[in-house]
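Notes to accompany the following structure.
The values are calculated or read from the model by the stated rules, or taken from the named source; none is laboratory data. Note that this is a predicted model, so its numbers are computed, not measured. Reconstructed Cβ throughout: ideal geometry from the backbone, glycine too, with neighbour counts over all protein chains shown.
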Ligand SMILES: C[S@@+](CC[C@H](N)C(=O)[O-])C[C@H]1O[C@@H](n2cnc3c(N)ncnc32)[C@H](O)[C@@H]1O
């Protein structure tokens with residue numbers, strides 16, 4: 001049980017998506033064999049959908065791992081000019097760079113080595129899409145930086161926001177996860193209770209939150 005949705009529902013949706021006849025299947029298999037957490041299949045499909053609607057030119061990702069989601073995003077649209085993706089684990093960075101090269105995206109995807117918070121405080125360009133997928137216990141701390149780096153009409157997609165259901169239900173909370181859960185709740189309150197934003201929280205995968213700035217002209 002994912003704690004978010006029913007297993008039969010996830011299975012049904014994942015079967016519909018299928019194996020993608022996917023060039024990324026090799027990376028998906030590697031992730032399973034080596035227990036590397038990558039985005040769930042239905043989240044991958046959702047991100048592809050958003051990219052095709054939004055058509056971002058510049059993307060910032062928090063959490064590269066083996067480069068799966070950044071390669072997926074880059075393959076989805078030829079219009080993407082650059083993806084900056086932040087990762088602190090040296091081993092992951094090495095594997096991601098190999099994969100990025102293998103898929104021919106070395107001119108578009110740049111892995112930035114470091115702690116998200118440090119890197120975020122130093123970046124000074126604007127992005128059309130920001131994908132948060134690292135440091136679950138710090139999304140609330142990342143948010144002000146991400147908002148500074150987000151184009152006026154940009155989108156933030158945050159993964160794992162329901163964290164195995166714990167964020168929505170006290171009975172599911174494991175004691176050692178309580179700090180992450182509290183901070184994730186804080187993040188969701190920050191993006192949900194502020195009239196300047198429109199946020200939709202979707203119980204998909206481990207839970208995603210999609211945030212945009214409300215159009216002030218309305
Ligand atoms: C869930 S994985 C990213 C998966 C990737 N987005 C994908 O779907 O292919 C999270 C990654 O973020 C990295 N990470 C976690 N906390 C971090 C932090 N505070 N700063 C930088 N990287 C971090 C981990 O080392 C891990 O590789």
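So which residues in region 41-72 are under 25 Å from residue 2 (Cα atoms) and outside any helix (DSSP H, G or I), if there are any at all? Passing the criteria: 61, 62, 63, 64, 65, 66, 67. For region 198-216, check the following and say yes or no: at least one residue is out of contact with any helix residue (DSSP H, G or I) (no Cβ under 9 Å at 6 or more places or on another chain), in a helix (DSSP H, G or I) and either within 24 Å of residue 50 (Cα to Cα) or modelled with pLDDT of 95 or more (or both). There is no residue in region 198-216 that is out of contact with any helix residue (DSSP H, G or I) (no Cβ under 9 Å at 6 or more places or on another chain), in a helix (DSSP H, G or I) and either within 24 Å of residue 50 (Cα to Cα) or modelled with pLDDT of 95 or more (or both). Residues of region 41-66 that are more than 10 Å from the ligand (Cβ to nearest atom), closer than 15 Å to residue 17 by Cβ and surrounded by 14 or more Cβ atoms within 10 Å (Cβ to Cβ): 41, 42, 45, 46, 48.
When only residues in region 6-27 that are under 22 Å from residue 108 (Cα atoms) and part of a helix (DSSP H, G or I) count, which is nearest to the ligand (Cβ to nearest atom)? The extreme case among them is 27.
Within region 98-147, restricting attention to residues that are at positive phi and near the ligand (Cβ under 9 Å from one of its atoms), which residue is surrounded by the most Cβ atoms within 10 Å (Cβ to Cβ)? In this case the residue turns out to be 135. Filtered by the rule that a residue be within 10 Å of the ligand (Cβ to nearest atom), assigned to a helix (DSSP H, G or I) and surrounded by fewer than 24 Cβ atoms within 10 Å (Cβ to Cβ), region 73-97 gives 90, 91, 92, 93, 95, 96.
Out of all the residues in region 28-40, is one or more crowded, with 18+ Cβ neighbours inside 10 Å, assigned to a loop (DSSP other than H, G, I, E, B) and in contact (Cβ under 8 Å) with a residue 60 or more places away in the chain? Yes: region 28-40 contains one or more residues that are crowded, with 18+ Cβ neighbours inside 10 Å, assigned to a loop (DSSP other than H, G, I, E, B) and in contact (Cβ under 8 Å) with a residue 60 or more places away in the chain.
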